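Read-outs: derived from the displayed coordinates by stated rules, not from any lab. None of these values were measured; they are calculated from a predicted model. Cβ atoms come from the backbone with ideal geometry, glycine included; neighbour counts cover every protein chain shown.
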Amino acid sequence: MISQLLTSLRVPELAQGIDILEESVRSLDKGLLNILLCDRTTRKNILWATADYVSYGPEFGEFCEITPELVTGKYADLIQPRITKSQSARLDRTRDKAEVFTPSWVCNKQNNLIDQQWFGREDVFNTENGESWTVVPEPISFEGCKKGWGKYIDAQRLEITCGEAPYLVSRYDTVTGEKIPLGRRIGLLDRKMRIVRENTDTAEEWLTWAQRAFESVYGFEYQGDNLLLARENLLYSYIEYYYERFQQMPGILLLRKIARIISWNIWQMDGLKCVVPGSCKPEENRQLTLFDYFGDDDFCADDSSDQCPGCARGDIYRHTGDYCRIMDWRSKCSRTFLSMMKGGKS
């Protein structure tokens, strides 16, 4: 199996500058782009979840699915990182969706605080220097830590409303568009991949722990174009780290495997409701109970027919939409994200 996964391929030109080309991904493997567009909760495709593209036709409607045909061919340049969008488009997104991207030096500062808490010391991966940083050149030491490097790899991390996922992988500065060299990256997943590089000797060990690193990071995003960019950024980061280690492209079977993990872990969600965007519907023919009349001061008889009861009452547990599911890779079962918040299982 390992020999299959290590099949040598020509390194493709997947990106133009910081932008990963969906056309190139599909040319490399049609199944790969399909996986990156998959919504694991609905078993359909992710949605546009933005009205920014409706002028291109009805299939670009806010709650229409993103299909490979809509991001390749004549639409190959449609989805672009935020930094390459027009100033007016960026302002519209900020106004309508409160979309504000964070510069890498701020991401680094906040990620350093997480590692300071985990390691019990400062300046583990780098030393901050104003709006830059100096990478620690020596291998990361776990001396004095109660937990070893494997526990660090498995420690779960979540980036909420992740946009293009700059806190997880820092391929480029999302504010300036500047590419960041592999050795200077500061994302939470980038740090895990450094630990993998420094602590594994064989190909089998690297493959195992690199996969576990990808299984341990999560992020959710509302807008479908951002979500696709985030997933692509994680996949391309894997390719770059793999190439650094093996000096060849990973095989298609391996890329599909990693893409599947990414499509589970980086998911589309309305963060205020924990459901797939736009999936809430009116609750029809609902049997009213005494709880409805006497147990809730803000009960309105019209709530059950006019709209989703969760939306009507602001009750996160009563939405009629599709509650988003994510994968717990250690137990190999999926759970609703809401159940993880409640501390239970579903």
(request) Report the net charge of residues surrounding LYS179, where surrounding means a beta-carbon distance below 14 angstrom and charges are Lys +1, Arg +1, Asp -1, Glu -1. (result) -3
(request) Estimate the FRET efficiency between LEU182 and SER27 by the formula 1/(1 + (r/R0)^6), using the beta-carbon distance for r and 35 Å for R0, to the nearest 0.05. (result) 0.90
(request) Return LEU272, LEU33 ranked ascending by Cβ neighbour count within 10 Å, so the fewest neighbours appear first. (result) LEU272, LEU33
(request) Enter the Cα centre distance for the pair region 227-251 and region 316-335, rounded to the nearest angstrom. (result) 27 Å
(message) Can you compute the modelled spin-label distance between GLU198 and ARG260, with each label point 7 Å from Cα toward Cβ, in nm?
(response) 3.2 nm
(request) Note the full-extension length gain between ILE252 and ILE140 as 0.36 nm times their separation in residues minus their Cα-Cα distance, in nm to one decimal. (result) 37.1 nm
